[in-house]
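The next block holds one structure in the form of structure tokens; read it before the comments.
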Amino acid sequence: MKIVILRNNLKNALDAVSHTLGDASNLPILKNILIKAVSGRIQICSTDLETAIVRSVAGKIIDEGSVTIPFSVFSSVIGNIQNERLDLESKGMNIIIKTDNYEAVIQGMNIDDFPIIPRIDNKDEYIEIDGDALKNSLEKVVGAAQMSELRPEISGILFDIEPGMIKLAATDSFRLAEKTIYESEFKNNFDKGMKFIVPLKPIQEMLRVMDGRSPARIYANGGQFMLENGDLELVSRLIDGQFPDYAPIIPKNVTTDVSLDKNELMGALKLASAFTSKNNEVKLDIGKDGKVVEVYSGDSLLGENKYLIPAKITGDAVQISFSWRFLLDGLRNLESDSVMFGLQGNIRPSILKDPGDASFFYIIMPIKS
């Protein structure tokens with residue numbers, strides 16, 4: 001292999017693949033990256049056996065070939081070289097880096113030991129969506145997901161694809177977030193509806209490396225998930241399991257409706273957090289006079305505080321406790337300045353909605369005091 005490449009382009013590609021390196025204690029080759037120059041494309045690849053990222057880089061290919069080298073050494077060298085033009089050449093298992101006034105040789109490993117990057121067998125069926133729209137939708141739900149060895153089916157994001165919409169959902173069993181993407185925002189080539197769960201780590205990697213300016217294509221078949229976005233390919237296994245049926249817990253007939261200022265409620269929760277114990281409990285006293293929500297927190301060792309927020313309240317008065325962290329996470333994903341808060345007493349799930357956006361809701365379980 002012999003290529004000429006710009007340092008900045010190479011550095012960006014290394015940044016993209018840097019988080020999908022594996023555990024060297026079990027398989028040292030997983031700390032390596034694969035550099036390929038084939039079919040007129042220069043590709044940088046990494047994998048941890050669960051997720052793989054392939055980033056294509058512009059450059060001049062003089063001789064095609066491949067080499068696998070330790071990421072840490074190679075990244076350190078590229079990050080500290082001052083010259084913009086780099087000449088890279090493989091000799092045996094090693095790679096030679098040259099500039100006008102610098103030369104380095106990095107020892108590589110046998111190319112045959114590098115894991116095979118999984119591929120999607122059928123690329124006829126896909127979803128195509130604006131990159132920014134996909135990122136924004138995933139950001140609204142990803143915070144509700146949680147890694148769980150006991151319940152792997154909640155360790156990722158549900159993609160529920162229907163002819164006219166895509167529903168993204170995540171839960172950790174204490175809260176649930178759902179975002180709907182409507183037909184006008186995407187192109188769907190799937191013959192029928194389908195559901196699959198993408199693990200949390202590749203979703204986080206998507207959010208980190210996706211180019212929102214480029215369209216995103218999503219493929220899913222054969223137990224594999226693939227994202228194509230500009231010069232990036234991300235491949236991951238799908239979670240084998242069934243996402244919880246959450247339709248029965250969505251509040252449909254609330255007994256208390258509250259409309260209040262989102263930013264004031266967020267500020268009250270941040271203040272209350274200073275007086276909470278390990279369970280992060282804050283208490284909301286809603287509707288005792290029909291016009292105010294009281295946010296209270298207290299700890300026997302720290303003290304106490306309360307904050308009064310004007311609100312429009314209909315229905316029953318209720319005293320209810322929540323984790324301030326979980327409540328704040330939901331509020332951060334609402335776009336408008338006001339929030340609709342629907343409650344079903346103090347032991348059943350409550351729901352947060354944006355009055356100007358029917359595509360998103362956030363369900364939160366109260367703390368049973």
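Data table
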item	result
Estimated 222 nm signal from helices in the chain, with DSSP H stretches of n ≥ 4 weighted -39500 (n - 2.57), rounded to 500	-5000 deg cm²/dmol
Accessible area of residue 181 in the full protein assembly, 1.4 Å probe (Å², nearest 10)	0 Å²
Greater than 32 Å apart at Cα, pairs in 140/291; 201/353; 2/195; 252/368; 98/201	2/195; 98/201
Solvent-accessible area of residue 119 with every protein chain in place, 1.4 Å probe, in Å² to the nearest 10	120 Å²
Within a Gaussian network of the chain (alpha carbon springs, distance under 10 Å), most fluctuating of 338, 321, 184	184
C-alpha center-to-center spacing [the range 68-104, the range 159-176] in angstrom	44 Å
Total formal charge among the other residues, if their Cβ is under 12 angstrom from that of residue 79, Lys/Arg +1 and Asp/Glu -1	+1
Residues in the range 224-245 that a label on residue 153 would reach, taking backbone N under 15 Å of a point 7 Å out along Cα→Cβ	239-245
Solution diffusion estimate, µm²/s, Stokes-Einstein, the chain, Kirkwood Rh from C-alpha pairs, 37 °C, viscosity 0.692 mPa s	141 µm²/s
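The values are calculated or read from the model by the stated rules, or taken from the named source; none is laboratory data. This is a predicted model, so every value here is computed, not measured. Glycine also receives a Cβ, built like all others from the backbone with ideal geometry; neighbour counts cover every protein chain displayed. Just the protein is used for accessible areas: all its heavy atoms, side chains included, with ligands, DNA and RNA removed. Shrake-Rupley method; radii C 1.70, N 1.55, O 1.52, S 1.80 Å.
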